[in-house]
1. Just to be sure I understand the model, the point goes 7 Å from the Cα along the line to the Cβ. What's the resulting TYR116 to ILE5 distance in nm?
2. Projected onto the charge dipole of the chain (+1 at Lys/Arg Cβ, -1 at Asp/Glu Cβ, origin at the Cα centre), which of GLY29, ALA55, ASN110 gives the Cα projection farthest towards the positive end?
3. For the chain, what does the helix formula give at 222 nm: sum of -39500 (n - 2.57) over DSSP H segments with n ≥ 4, over the residue count, nearest 500 deg cm²/dmol?
4. Between ASP64 and ALA80, 0.36 nm times their residue separation minus their Cα-Cα distance comes to what?
5. In debye, nearest 20: dipole of the chain around its Cα centre with unit charges on the Cβ of K, R (+) and D, E (-)?
6. If I take all pairs of Cα atoms in the chain, what percentage of them are more than 22 Å from each other?
7. Let me have the relative contact order for the chain, percent, based on Cα pairs under 8 Å that are six or more residues apart.
8. With contacts defined as alpha carbon pairs under 8 Å and 6 or more residues apart, what's the relative contact order of region 25-90 in percent?
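The numbers here are math on the coordinates, done by the rules we state, and not lab data. The model shown is predicted, which means the values in this text are computed figures rather than measured ones. Using ideal geometry, Cβ is built from the backbone for each residue, glycine included, and neighbour counts are taken over all protein chains shown.
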Amino acid sequence: MQDAITAVINSSDVQGKYLDTSALEKLKGYFSTGELRVRAATSISANASAIVKEAVAKSLLYSDITRPGGNMYTTRRYAACIRDLDYYLRYSTYAMLAGDPSILDERVLNGLKETYNSLGVPVGATVQSIQAMKEVTASLVGPDAGKEMGVYFDYISSGLS
Ligand SMILES: CCC1=C(C)/C(=C/C2=NC(=C\c3[nH]c(/C=C4\NC(=O)[C@H](C)[C@H]4CC)c(C)c3CCC(=O)O)/C(CCC(=O)O)=C2C)NC1=O
C-alpha cells in the first residue's frame, strides 16, 4: 500500500532528485486537507451501516435484483451484497485517508471482476450502488470531503467496469 507521501517521494527517488515544485505542491495539498480527511473518516465510520442501508434503498431495493431470480434474492446473497458494499466503503475510506488508490488495487479489485462474472453478480447494478454510496456519503461529510471520497468510489467503479 502506498500513500500520497510515499508516492511523491518514490517518484523523486526514482529520478534521483530532490522534490520539485509540483511534488511539493502535491504534498502541500495533502497536508492541508489532513484534518478534512480525518474528520470525514470519523463520521463515515460512525455512520457506515446507515450509509450502506440508504445506498441500497436508493439503488437496489424493489428492483428485479431483489426479486426471485435476482442476484440479491435469498438472505445469503442479500447479506453478501451488503457486506461487499461495506468493504467498498471501508476501503475507500482507507484510500481517502492515504490520498492514494493503491490499497484498492491490492485488497479489493484484484480478481474481483472475475469473481463477479463467475458468480453472475451484476457489475452494472454494483456500480450503481457504489455511485449511490458516493452521493449518500457526500451528503453526510459535505462537498469537499465528498469529492475526495468520490475519487475512490469512482476508482472502484471503473476498476469493475
Ligand atoms: C475485501 C475485498 C473483498 C471483496 C470486494 C469481496 C467480494 C466478493 N463478493 C462475493 C459474492 C457476492 N457479492 C454479491 C453482491 C451483489 N449482488 C447483487 O446483485 C448486487 C448488485 C451486489 C451488491 C452491491 C453477491 C450477491 C454475492 C454472492 C453470490 C453467490 O454466491 O451467488 C464474493 C464470493 C465469495 C463470497 O460469497 O463471499 C466475493 C469474493 N470479497 C472480499 O474479500
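1. Computed distance between label sites TYR116 and ILE5 equals 3.4 nm.
2. Of the candidates, ALA55 comes out farthest on the positive side.
3. Working: 8 runs with 117 residues, N = 161.
Estimated from H runs of four or more residues: -23500 deg cm²/dmol.
4. On the way: separation 16, 0.36 × 16 = 5.76 nm, distance 1.69 nm.
Additional length available on full extension: 4.1 nm.
5. 500
6. Values: 5938 of 12880 pairs.
Percentage above 22 Å: 46.
7. On the way: 156 pairs, mean separation 46.5, N = 161.
Value for the chain: 29 percent.
8. On the way: 22 pairs, mean separation 17.4, N = 66.
Here the relative contact order equals 26 percent.
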